[in-house]
Amino acid sequence: MIAPATLGLLLFTLGPMLISLYLSFTDYDVVSKPNFVGLANYHYLLMADPSFWVSVKVTAMYAVGSVPLGLFAALMVAMLLNLDIPFKGAFRTLYYLPTLLPATVSGVLWAWIFQPTDGLLNRMLAQVGVTGPSWTQSPSWALPALVIMSIWSYGGSMVIFLAGLQESPKALNEAAALDGANAWHRFRIVTWPALTPVVFFNLIMGLIGAMKAFDQAFSFGQSNGAGIGGPARATLFYVLNLYTKAFEHFHMGLASAMAWILFAIIGLITFLNFRLSKRWVYDEAAS
């Protein structure tokens, strides 16, 4: 009964991972036979590659900007949708709909919104006398534009927050209200501790998603004419850099090494978050 799942894991997950690990120690261009080079790929990436650390910096800045904003937006909307209001089912559906759009479609849509001359956002700013920046053509504004764009897909986190809010202890909230606690105090003392495991889960998933971001930046760059990672490598995300090495320059060994470095980075960040979670994530069993 478990044979199909086991075969799928071996053929489509574990097998390709082991092959990529081997290729990361080789010089391989798809056409020729892999040539074993040891740690040369890793040494080149860490010490000599002009684009590696640029892509690490861009991805880190994107994660630091997009993940907290996405969590905040998802939590605020979830709290609003948790209220007893008419048509709340319809509102929940509407707020979740953007998540169903393919990332490439979202990239094309937002590239039009951020278009410097005829884009929707700059037109709206012009109506109130504000001259908008050259979002898609400016190295200073292209990455912030992608951070703003990332908030658009908060639907998944919102649904998880909503589930967590509905599991919040109502009896404790009512008791705190009877004792004179206002809405902020009830949220901080009762709701937030019970919600911290959900926040932790969304934080981990958000960080992993931000570190692997690709579709949005790829379609965004192609749609606005700046090219992959443009303008001036301001949106050269890590996985975008990996993609160009693998499928444009056919440096499969370098791309495989980059994939395993990313695996190590994500593993380290996740491990540190789990260690730090003991300081702020509420554990009902321990209490």
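Points worth noting:
- DSSP-loop chymotrypsin sites (Phe, Trp or Tyr not before Pro) across region 219-274, with at most 16 other Cβ within 10 angstrom: PHE250
- Site pair VAL64 and ALA171 shows an inter-label distance of 4.5 nm when each label is modelled 7 Å from Cα along Cα→Cβ.
- The calculated P(r) of region 85-224, using every Cα pair and 5 Å bins from 0, goes 2, 9, 14, 14, 14, 13, 11, 10, 7, 4, 1, 0 in percent.
- For the chain, the membrane-span-like helix rule (DSSP H, alpha carbon extent of at least 20 Å along the helix axis, mean Kyte-Doolittle at least -1.0) picks out 52-81, 192-211, 252-277; this says nothing about an actual membrane.
- Built amide H within the under 5 Å cut-off of GLY230, gap 5+: THR235
- ARG123 versus ALA40: modelled label distance in nm, points set 7 Å from Cα along the beta carbon direction: 5.5 nm
- Distant-in-sequence amide contacts of ASP27, defined by a placed amide H-H separation under 5 Å and a gap of 5 or more residues or a different chain, comprise ASN35, PHE36, VAL37.
- The alpha-carbon of LYS170 sits under 19 angstrom from the alpha-carbons of these aspartates and glutamates, leaving out residues fewer than 8 places away in its chain: ASP84, ASP179, ASP283, GLU284.
- Pairs over the 24 Å Cα-Cα cut-off, from the set LYS33/LYS57; LYS57/LYS278; LYS57/LYS212: LYS33/LYS57; LYS57/LYS278.
- For the chain, the equivalent ellipsoid derived from the alpha-carbon gyration tensor has semi-axes of 39, 28, 17 Å in decreasing order.
- Were the residues from ILE208 through ASN273 laid out at 0.36 nm apart, the gain over their Cα-Cα distance would be 22.2 nm.
- Paramagnetic reach from HIS249 (point 7 Å along Cα→Cβ, amide N under 14 Å) across region 39-66: 41-56
- 26 Å tail of the calculated P(r), region 1-157, as % of Cα pairs: 57 percent
- Around the Cα centre of the chain, unit charges on the Cβ atoms of Lys, Arg, Asp and Glu (plus for the first two, minus for the last two) sum to a dipole of about 240 debye.
- Estimated translational diffusion coefficient (Stokes-Einstein, Kirkwood radius over Cα pairs, 4 °C, 1.567 mPa s) of region 185-283: 82 µm² per second.
Every number here is computed from the coordinates shown, using simple stated rules; none is lab data. Quick caveat, the model's predicted, so the values are computed rather than measured. Every residue, glycine among them, receives a Cβ derived from its backbone with ideal geometry; neighbour counts consider all protein chains shown.
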